[in-house]
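Chemist: Supplied in structure tokens, the structure appears directly below.
The values are calculated or read from the model by the stated rules, or taken from the named source; none is laboratory data. Just so it is clear, the model here is predicted, and its values are computed rather than measured. Cβ atoms come from the backbone with ideal geometry, glycine included; neighbour counts cover every protein chain shown.
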């Protein structure tokens, strides 16, 4: 990636049509964004049933489909990203968003499953028809990006294994007393 690139990453699964449908929305949003002085890049990670169809339809110089890659490579892409976007119409609590929080990445997602609860104030939740506008607004504001990075790092602490263990121990002890 070049110094003046701005990388957006989406980690998803193309098995269910409701998940894959979010990619069409994301690609449309991405293609409508205007960003001065930077080259926008979108990398979509994930594979399975509908992957080839979406790749054939939407891949371009600016939009790359990584397919199913090793977890280590997924983490490397998340770390390299300037923004994580999660656009799905079927999901519960995507692990990739917890990984993005741990990496201190700004996140924009549509409300599906428990995404709002998972992100708290550390991410931006928007309606699907507002995705392009929200991405444009977020990437155009260095302050918003910085605030989201800080909130992501803080929010990720509640998903720390030691913290979860302590919380469960407190709960367990309160029940058996």
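Chemist: Test residue 109 against the stated conditions and say whether it is under 24 Å from residue 137 (Cα atoms) and at pLDDT 95 or above.
Modeler: Working: under 24 Å from residue 137 (Cα atoms): yes; at pLDDT 95 or above: yes.
Spelling it out, residue 109 is indeed under 24 Å from residue 137 (Cα atoms) and at pLDDT 95 or above.
Chemist: Let me ask you something else. Residue 4 is checked against (1) crowded, with 18+ Cβ neighbours inside 10 Å; (2) over 16 Å from the mean Cα position of the chain (by Cα) and fails just one. What number does that condition carry?
Modeler: Result: residue 4 fails condition (1) only.
Chemist: Further, regarding this structure: Mind checking which residues of the range 139-157 are assigned to a helix (DSSP H, G or I) and out of contact with any helix residue (DSSP H, G or I) (no Cβ under 8 Å at 6 or more places or on another chain)? Full working, then the answer.
Modeler: So the first thing to find is which residues in the range 139-157 are assigned to a helix (DSSP H, G or I), and the list is 139, 142-157.
142, 143, 146, 147, 149, 150 - these are the residues of the range 139-157 that are assigned to a helix (DSSP H, G or I) and out of contact with any helix residue (DSSP H, G or I) (no Cβ under 8 Å at 6 or more places or on another chain).
Chemist: Exactly one condition in (1) surrounded by 18 or more Cβ atoms within 10 Å (Cβ to Cβ); (2) in contact with a helix residue (DSSP H, G or I) (Cβ under 8 Å, 6 or more places away or on another chain) is not met by residue 112; state its number.
Modeler: Among (1) surrounded by 18 or more Cβ atoms within 10 Å (Cβ to Cβ); (2) in contact with a helix residue (DSSP H, G or I) (Cβ under 8 Å, 6 or more places away or on another chain), residue 112 violates only (2).
Chemist: When only residues in the range 18-39 that are over 17 Å from residue 86 (Cβ atoms) and loosely packed, with under 13 Cβ neighbours inside 10 Å count, which is modelled with the lowest pLDDT?
Modeler: Step one: list which residues in the range 18-39 are over 17 Å from residue 86 (Cβ atoms), which gives 31-32, 34-39.
If we keep only those that are loosely packed, with under 13 Cβ neighbours inside 10 Å as well, we get 32, 34-37.
Working: 32: 93, 34: 80, 35: 78, 36: 71, 37: 67.
So, considering only residues that are over 17 Å from residue 86 (Cβ atoms) and loosely packed, with under 13 Cβ neighbours inside 10 Å, the one modelled with the lowest pLDDT is 37.
Chemist: Out of all the residues in the range 22-39, is one or more within 26 Å of residue 118 (Cα to Cα), in contact with a helix residue (DSSP H, G or I) (Cβ under 9 Å, 6 or more places away or on another chain) and not in a helix (DSSP H, G or I)?
Modeler: Within the range 22-39 (the criterion being within 26 Å of residue 118 (Cα to Cα), in contact with a helix residue (DSSP H, G or I) (Cβ under 9 Å, 6 or more places away or on another chain) and not in a helix (DSSP H, G or I)), the answer is no, since none of the residues qualifies.
Chemist: If residue 57 passes every condition in (1) touching a strand residue (DSSP E or B) at 6+ places or on another chain (Cβ under 6 Å); (2) over 20 Å from residue 77 (Cβ atoms) but one, which one does it miss?
Modeler: It is condition (1) that residue 57 fails.
Chemist: Moving on to the next point. Scanning for something surrounded by 20 or more Cβ atoms within 10 Å (Cβ to Cβ) and free of Cβ contacts under 8 Å to residues at least 40 places away in the same chain, does the range 72-95 turn up at least one residue?
Modeler: Among the residues of the range 72-95, not one is surrounded by 20 or more Cβ atoms within 10 Å (Cβ to Cβ) and free of Cβ contacts under 8 Å to residues at least 40 places away in the same chain, which makes the answer no.
Chemist: Please find, within the range 40-54, the residue that is surrounded by the most Cβ atoms within 10 Å (Cβ to Cβ) out of those that are in a loop (DSSP other than H, G, I, E, B) and touching a strand residue (DSSP E or B) at 6+ places or on another chain (Cβ under 8 Å). Walk me through it before giving the result.
Modeler: Taking the range 40-54 and keeping what is in a loop (DSSP other than H, G, I, E, B), we get 46-50.
Add one more test, that the residue is touching a strand residue (DSSP E or B) at 6+ places or on another chain (Cβ under 8 Å), and what stays is 46-47.
Working: 46: 23, 47: 18.
Per the stated criteria, the residue is 46.
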